1. Step by step: first the residues of the range 1-29, then only those that are more than 24 Å from Gly82 (Cβ to Cβ) and not hydroxyl-bearing (Ser, Thr, Tyr), then the one that is surrounded by the most Cβ atoms within 10 Å (Cβ to Cβ). Which residue is that?
2. Consider only pairs whose beta carbons are under 6 Å apart and that are at least six residues apart or on different chains; among these, list those whose first residue lies in the range 90-107 and is of a type in the set (Lys, Arg) and whose second residue is crowded, with 16+ Cβ neighbours inside 10 Å.
3. Only one residue in Leu116, Leu103, Leu68 is crowded, with 17+ Cβ neighbours inside 10 Å and within 18 Å of the chain's Cα centre (by Cα). Which one?
4. Restricting to the range 62-101, give me the number of residues that are farther than 28 Å from Glu273 by Cα and part of a helix (DSSP H, G or I).
5. Of the numbered conditions (1) within 22 Å of Pro110 (Cβ to Cβ); (2) in a helix (DSSP H, G or I); (3) without any contact (Cβ under 8 Å) to a residue 60 or more places away in the chain, Arg152 fails exactly one; give the number of that condition.
6. Could you grab me the full set of residues in the range 82-100 that are under 13 Å from the mean Cα position of the chain (by Cα) and either among the aliphatic types (A, V, I, L, M) or closer than 21 Å to Arg4 by Cβ (or both)?
7. For the range 203-210, check the following and say yes or no: at least one residue is at pLDDT 95 or above, of a type in the set (A, V, I, L, M, F, W, C) and touching a helix residue (DSSP H, G or I) at 6+ places or on another chain (Cβ under 8 Å).
8. Could you grab me the full set of residues in the range 241-258 that are without any contact (Cβ under 8 Å) to a residue 24 or more places away in the chain and outside any loop (DSSP other than H, G, I, E, B)?
Amino acid sequence: GLARTISLFYHFSTNFTVEELIEPAKKAANEALKLNPKNSEAYSVLGYVAAILEWDWSAAEKAFDKSLELTNEDAEIYNFIGDYYRLVIQHPKLAIEMESKALTLDPLHPVNHDDLGMAYALAKDWENALKYAQSARELGLNFGGNKELLLRSYINLGRMKEAENVVKRFDKENADKYVSLYLKAILATAKDQKNVAISHIENMINYPDIERYQWIGISFLGLGMNKEAAYWLEKAFDNREAPFTHITLPENLPNDPALQAVFDKPELNALFEIRRKYLDVSDSSTQKKFL
């Protein structure tokens, strides 16, 4: 439990860097394995740390395989390996399969609904993405990731009024103004309001405590401002932002030298090769991460 908490801490606070969390999380997980060598959750944590924080793809796959081998139909194990297939490998079918299993085993956990929705978003199945984003909200989930999934689902379904309501509701319900600016930039981009979107992005840049460089980069990318996107995505890479690796394969990005250079890194190239082994590279529709 301690290992899991430490491994997830990065997503909820900027008080610690990725590097500061890796070793404590691994240490706690390995202590659990000393007490019980067949502890599937400990292997799951090691897989998550390797994949999301450490970027050690080989170690991640081995640990997740071991956790799945040992699990006694544990919803959390399926949920986290689903995250691995969704965020790192980006294989829609496997992600949906694992997240569906987690939801079947624990149908009252809102995160299982939201993560399944995000797996459907990876597959560009926006109807199902919306369905599970909504059921997650109905079960009490109320954080920025769920709002982004709702927002992008409504946008891709052409339901702009409801998309606008998501942003308005988040403003009222949540004090995280940085996330609110990110959502507003997404909405303005979808409405072809470039100047409005840029103003929201500039407010993100000038925010007292920038939470994620990657969000700024993705926002510029959505506007086709590749030079600006490259600058902020490079900063996200240097900052070892955990969500950085969630972005699509480089061949699905604009053929801009500055942008391509951001992703031409040894550890990222190794990741892309793994993804290509899982995916049919001729079918780019299954590869494009929702941006």
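The values are calculated or read from the model by the stated rules, or taken from the named source; none is laboratory data. Treat the numbers as computed from the prediction; the structure is a model and nothing was measured. Neighbour counts are summed over all protein chains in view; Cβ atoms, including those assigned to glycine, are modelled from backbone coordinates with ideal geometry. For the accessible areas, the whole protein counts, side chains as well, though only heavy atoms, and no ligand, DNA or RNA atoms are used. Shrake-Rupley method; radii C 1.70, N 1.55, O 1.52, S 1.80 Å.
1. Pro24
2. Close Cβ pairs (under 6 Å, with a partner that is crowded, with 16+ Cβ neighbours inside 10 Å) amount to Lys101/Tyr78.
3. Selected residue: Leu116, the only one of Leu116, Leu103, Leu68 that is crowded, with 17+ Cβ neighbours inside 10 Å and within 18 Å of the chain's Cα centre (by Cα).
4. Final tally of qualifying residues: 1.
5. The single condition Arg152 does not satisfy is (3).
6. Gly82, Asp83, Tyr84, Tyr85, Arg86, Leu87, Val88, Ile89, Ala95
7. There is at least one residue in the range 203-210 that is at pLDDT 95 or above, of a type in the set (A, V, I, L, M, F, W, C) and touching a helix residue (DSSP H, G or I) at 6+ places or on another chain (Cβ under 8 Å).
8. Listed by number, the residues that qualify are Pro250, Pro257.
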